[in-house]
Amino acid sequence: MNYTIPILYQKEIPNLPNRLGTIFDQAIDNWQRSAAHDAKIRVFFRADDIGVPSKKFTKLIQLFQKHHMPLCLAVVPAWLTARRTRELLSLTGSDDSQWCWHQHGRLHKNFEPSGKKQEFGPARSREEVGHHLELGQSRLQELLQDKFSPYFTPPWNRCSLDTAQILKSLNFNAISRFTGAQPDFTDTIAGIDVNVDLHTGKENSSERAADKLFDQLHTALGSGYCGIMIHHQLMNDHAFHLLDLLLTEVAQKNTCEPCLFQDFS
Ligand SMILES: [Zn+2]
């Protein structure tokens, strides 16, 4: 995988603590005016492309531990080995209540000959898709044992309806894509989609990228449901600073209820 730091984090984002604080205050106000009485805003974080220990992974885990915040970890089965599992688990510690270790594809490889990247798109047969999903599931079950939770995040946030049906038959509880993803899985399996992208935006100026991120946050929080996607390989000091401030806001606001996937089913 090739990771380039996004333009948003190539310099310091001006006035960041105030801007984030204002977004939270306004969005909470909107939510409280539209929602029934004291309903909470459900907030969850999903970190993709997990499986290889690194300084950035360590920093990510330490940041969530510092704030006592839950984190859903989307693990690529083909990247995980017994040695890597031991290293990752030595960082996350013995308290499992903070994490949701779940499946992120199998190889994290594109199989579509054209168009958007997908590992589990329409290009492969239903049999092949099923076989690979099962291989990935059993690898994670073997390595993570009872820490493994039956949730699936497709690489690039996309997969076919066949994939959703097979995951259901493999006893997965839900799929997590990006909000609005197609095809519609409503009648097949539950969706716990993210709606805020911290690190993979493709805007061509840092101002525009910041505006887009703040818009996403404002809309998501104001709707009472905020799922935040993280890619630690794309983070630098500026990105860790933003995440630190974001976690501070979520932790301090009583209206926000930090969740794991398990809390939605
Ligand atoms: Zn990924």
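The values are calculated or read from the model by the stated rules, or taken from the named source; none is laboratory data. Remember, it's a predicted structure, so these values are computed and weren't measured experimentally. Positions of Cβ are generated from backbone atoms using ideal geometry, with glycine treated the same way; all protein chains shown enter the neighbour counts. For accessibility, only protein heavy atoms count, side chains too; no ligands or nucleic acids. Shrake-Rupley method; radii C 1.70, N 1.55, O 1.52, S 1.80 Å.
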**Message:** Please verify whether Leu198 is in contact (Cβ under 8 Å) with a residue 40 or more places away in the chain, farther than 23 Å from Ile50 by Cα and surrounded by 16 or more Cβ atoms within 10 Å (Cβ to Cβ), treating the condition exactly as stated.
**Reply:** no
**Request:** Could you check Phe178 against (1) open to solvent by less than 60 Å² (accessible area, probe 1.4 Å); (2) away from the ligand (no atom under 16 Å from the Cβ); (3) touching a Lys or Arg at 6+ places or on another chain (Cβ under 9 Å); (4) among the hydrophobic types (A, V, I, L, M, F, W, C) and say which number it fails?
**Result:** (2)
**Prompt:** Counting just the residues of segment 32-74 that are among the basic types (Lys, Arg) and either in a helix (DSSP H, G or I) or open to solvent by less than 20 Å² (accessible area, probe 1.4 Å) (or both), which one comes out nearest to the ligand (Cβ to nearest atom)?
**Reply:** Arg46
**Request:** Among the residues of segment 59-81, write down those that are within 17 Å of the chain's Cα centre (by Cα) and β-branched (Val, Ile, Thr).
**Result:** Ile61, Val75, Val76
**Complete:** Arg42 passes all but one of the listed conditions (1) at pLDDT below 95; (2) touching a helix residue (DSSP H, G or I) at 6+ places or on another chain (Cβ under 8 Å); (3) among the basic types (Lys, Arg); the exception is number (1)
**Prompt:** If you check Asp95 against the conditions, is it under 24 Å from Asp193 (Cα atoms) and more than 16 Å from the ligand (Cβ to nearest atom)?
**Reply:** no
**Members of segment 243-265 that are part of a helix (DSSP H, G or I), open to solvent by 60 Å² or more (accessible area, probe 1.4 Å) and under 20 Å from Ala74 (Cβ atoms)** = Gln262, Asp263
**Fill in**
Pairing a residue in segment 1-17 that is assigned to a loop (DSSP other than H, G, I, E, B) with any residue that is surrounded by fewer than 14 Cβ atoms within 10 Å (Cβ to Cβ), where Cβ atoms lie under 7 Å and the two sit 6 or more apart in sequence or on different chains, gives Ile5/Asn236
**Prompt:** In segment 207-242, what residues are touching a Lys or Arg at 6+ places or on another chain (Cβ under 7 Å), within 16 Å of the ligand (Cβ to nearest atom) and open to solvent by 10 Å² or more (accessible area, probe 1.4 Å)?
**Reply:** Gln233
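Out of all the residues in segment 137-156, is one or more of a type in the set (Val, Ile, Thr) and away from the ligand (no atom under 16 Å from the Cβ)?
no
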**Message:** Given (1) closer than 30 Å to Leu242 by Cα; (2) open to solvent by 30 Å² or more (accessible area, probe 1.4 Å); (3) in a helix (DSSP H, G or I); (4) modelled with pLDDT of 95 or more, identify the lone condition not met by Asp29.
**Reply:** (4)
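With respect to Ile13, determine if the residue is among the hydrophobic types (A, V, I, L, M, F, W, C), open to solvent by 10 Å² or more (accessible area, probe 1.4 Å) and under 20 Å from Leu242 (Cα atoms).
yes
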